[in-house]
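For reference, the structure is listed below as C-alpha cells.
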Amino acid sequence: MFDPVTILKQLNQEEKVRLLCGLDAWHLHGIEHLGIPSITLTDGPHGVRLAQGQGVFNSADATVFPVEAAMAATWNVGLIKGLASAIGEECQQLGVSVLLGPGVNGKRSPLGGRNFEYFSEDPYLTGAMASKFVEGVQSQGVGACLKHFAGNEQETRRFLINSVIDERTLQEMYIAPFAKAIRESRPWTVMGAYNSVNGQFSCQNSHLLQDILRDQLGFDGLVMSDWGAVGDKVACHQQGLDLEMPGPADRDQQLLNALDNGEMSEAVLDSRVLKVLELIHKSVTHKRSVQVDFERHHELAIEVACESAVLLKNCGNLPLDKSRSIGLIGQFAKHPRFQGGGSSHMTPKHLSNAFEAFCSRAEVSWAIGYEDLEVTDETLREAVALAKRVDQVVLLTGTTDALESEGFDRSNMRLPEAHIELLKAVYQANSNVVVVMYAGSAMETRQIDDYAPSLMHAWLPGEGGGEALARLLFGEVSPSGKLSETFPIRLEHNPTYESFPGNKVDTIYNEGIFTGYRYYDTKKLPVQYPFGYGLSYTSFAYSDLSYEASSREVTVNVTNIGDVAGAEVVQVYIHDEYSTLRRPDQELKGFAKVMLQPGETQRVSITLDEQAFAYFITHLQRFAEESGRFEIRVGSSSRDIHESLWIELESDIECREMPTLNDTVEDWLQDDRTRPILEEVFAQVGFTTDHSFYGLTLGFPMTLLKKFIPMMGLTEQQSEYLIDKLGLE
Ligand code: BGC
C-alpha cells in the first residue's frame, strides 16, 4: 500500500497540479506509473447515483431511499445510520469511493428549491442526522461529503448570489450542523458551495475554509468544490480548497504560473495535494468486495418511509377499513412521486406503487385524477364517479419536478391548483376522504383544510413509498413521523418572506437566528402544524421529569396510553430566562424515539451535549454558556410541552461586554460592574432620579455627559469631580 507522504515527494510540479482537479465529472486522476488509482465520486444523498450511459440523469440501478427531509422526519438516528450504511454498501459494490452527501444546508425559507435534499429547519436535528448519516456511510469504508459549505440556502442565482450573514447567525444556524457532524463523525470530505458568503466566494473564502473549517472545527479531510464553483483557481487553492470539480482541468497553467512567480508557495501546493493523496489512500485501503442484498435494502427503504410519514389530521377514518371498498385517486398511485429533481435524481432498483400495495390488501379501484399538473373534464368526471361508488377515498396529490427541484426555488407553498379543484369535486361526491401529500418540504394546507378530513404528509418517500403508504393507512404500522420543519398557516408568515431570495447581488439573512419555529414560537404566531408535530394511532402520557446536572441527563417517563403499539418522539427544548444577547424562546437540544406497546411505560433518558445551553457570543467570537436560569421543556412538538423544570447554571465565562465610554448612561446603570461607580458619582454631585434632566440623560453616550453638564445644573466643583471620576477628559 502506498504512503501519501512518500508519493508526494516523488511527484513533479505538473503531476501535483494535475491532481488538484478531477479527471472528468466523476473521477479523480490516478498516477499510473506510481500505482495510484483513479477513484470515483458520485451523488447522493438519498442513494447512489452512479452516472451510466448517455444523458445527464442516466444512472445505475440502486436503492432509492426517502429524501433527507423525510429522513429527518423519522427522528430516528439509528435508522438513518442503517440507511446510510446500506448506501455505503451499494457504493462499495458499484466501485464508488465517495458519496456526495449528506446535504446539511439550512431552510431559511420554505421555498428553498433543495429543501427536500436537506434535513431540517433546526440545526441540532440537522447535525444529529448528518452525523449518523456520515457514520453509516463511512462504516462501509466509503467517504461521505458534507455539502454545501456554506450559506447555500437558495437556488435562485445560486452560482452568483452573495449570502450576507452575520457571524452569530452563520455559526448558530448554518455552521452548527457541519460542526456537529465533523466533531462526531469525521467525514472524509466537505464540498464548498457555489455562492459567496459576505463578499467572498465560498471556495475561496479563507474565513470559511481556514478560520472556521480547519481552525475552529478541526476538519482534517479534503475540501472539494461544488461542480463548477471554482472561479479564480489560484485564489481558491490559496485560501483552502484542495480539489476542483469537475474535470477535466483547463487552468493548470494558471497554477503553475502562480507557483513560478511566488504568488503561491510550494508548501501550500503540497498541503492541498496531500489531502487528495490521503483521500485516494483511504478509499484504496477501504475497498472491499460486497454482495448487496437489494431485497433487504428495499425493505429498509419501506421502513424509513413508514417512519417518516407525518399524519397531520385524522378525523377518525384512519386506519382504513379493509372490509369496505376503497377508491384510490391520483396519477401518483401508479406513477409514484418518490424523489426530487436535479443531481440527486436516481434510477430505482425496485419501485413499489400504492395501487399494487393497496390491491394486495383490499378491494380497490383507481382513477387517474390528474396527469402531472393537469385535470381534464374527463379525469375529473372519472374521479368523481369513482368517489361516489366507493366507501372510502384516498386521494394522492403533491408537487412535480416542475414545481420542486434543484436549480430553482419554489414560487409558493401550495399544492397545484388543479389538484385542489379535483379534491373539492371528489369531496362533494364523498366526504370520507384521506388526502396524502407527496412533496419534499413544508406546504400550505389551509386551501384544502375543508376538504381533507384526514391528511398525511408522505414527503418524497423513495422507492418503498407505495408499500409504506399501504402499511400506514391500513394500520399495520402506526404513524410516527414528526415534522422536521414548521408548516406555517401562510407563506407570508415566514420571517424571510420579504427578503428571500434577495436581489440580483445579495441575499441578506436579516431574520438572523429567528428562522422556523425559533421565529414562530418567539413571536407567538399561530402555525398550521408546528415543528416536531405528528399524530399516531395511539397516544402517550409523560410524567416524572428529572434532570441530572453532572451527566446532563434529562429523564422522563413515557407511557403508551392507547390500544395499539406506536412510537413517540420525546423532544427536549431549552428556554433561557435571560441572556445578554437575544435568544429564541426555545431551541431543540435533544430527542429520542421510543417504541411502546399498549400500556407500556419506558423511562427515557436523553443526554444533552456540551452545546445545549451555549450560544455564540459575538464579541467573544465563540460559543459559551452564560450563568442563569434555564427551563428544560419536554414534549411532543415545539407547541405541545408536557413536562418542564427549571435549572440554575453557573458559568465561569463572563459573557457580558464591559461598558465603555461609548456606551450609554443607561448601559452603565444596568451593568452591576459600572452601576456602583456611576451611582456614587451621581449621588456625590446630587444628580438623582428626581432631577428633571435625569430621564433624558439615560440615552446619552457617556462621552456626551460632559457636554450636557450645564443642563445638569452642577457647580464647577461638581462638574470637575464628575469629569475626573468618570474619566471624561
Ligand atoms: C450540486 C451538488 C452535486 C454536484 C454533482 C451540483 O450542481 O450542487 O450537490 O453534488 O452538482 O452532481
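Please treat every number below as a calculation from the coordinates, not as lab data. Only a predicted model underlies this, so the values are computations on that prediction, with no experimental measurement involved. All Cβ positions, glycine included, derive from the backbone under ideal geometry; neighbour counts span all protein chains shown.
Data table
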| quantity | calculated |
| --- | --- |
| Potential extension, SER627-ILE653 segment - 0.36 nm per residue separation minus Cα distance | 8.5 nm |
| Alpha-carbon centroid distance for the pair segment 545-595 / segment 353-386, whole angstrom | 42 |
| Anisotropy class of segment 112-188 from Cα gyration tensor, a/c 1.5 cut | prolate |
| GLN216 paired with GLU14, simple spin-label distance in nm, labels 7 Å along Cα-to-beta-carbon | 4.2 |
| Shape of segment 594-720, Cα gyration tensor, a/c cut at 1.5 | prolate |
| For segment 206-225 versus segment 131-185, the gap between their alpha-carbon centres in whole angstrom | 11 |
| 15 Å reach of a label modelled at ASP544, 7 Å along Cα-to-Cβ, counting backbone N of segment 559-582 | 559-560 |
| Length released on extending from VAL284 to HIS207, taking residue separation times 0.36 nm less the Cα-Cα span | 24.5 nm |
| Sites LEU620 and HIS33, calculated FRET efficiency, Cβ-Cβ separation with R0 56 Å, nearest 0.05 | 0.60 |
| Lysines whose Cα lies under 24 Å from that of LYS147, excluding same-chain neighbours fewer than 8 positions away | LYS81, LYS107, LYS132, LYS180, LYS233, LYS275, LYS282, LYS287, LYS504, LYS589 |
| Relative exposure of LEU83, LEU608, judged by other C-beta atoms within 10 Å (fewest first) | LEU608, LEU83 |
| Spin-label zone in segment 666-685 - amide nitrogen under 17 Å from a point set 7 Å from the Cα of THR703 along the C-beta vector | 666-668 |
| Cα gyration tensor category, rounded, prolate or oblate, for the chain with a/c compared to 1.5 | oblate |
| Rough spin-label spacing in nm, given labels placed 7 Å along Cα→Cβ, for GLU666 and GLN291 | 7.5 |
| Residue order, fewest to most surrounding Cβ atoms within 10 angstrom, among THR400, THR618, THR189 | THR618, THR400, THR189 |
| Burial order of peptide ranges 359-368, 38-47, 191-200 (average beta-carbon count within 10 Å, highest first) | 38-47, 191-200, 359-368 |
| Additional length obtainable on full extension of the chain from ILE561 to TYR578, 0.36 nm per residue less Cα span | 2.4 nm |
| For segment 262-315 and segment 1-65, distance of Cα centres in Å | 14 |
| Where labels lie 7 Å past Cα in the beta-carbon direction, separation of SER551 and ASN261 in nm | 6.3 |
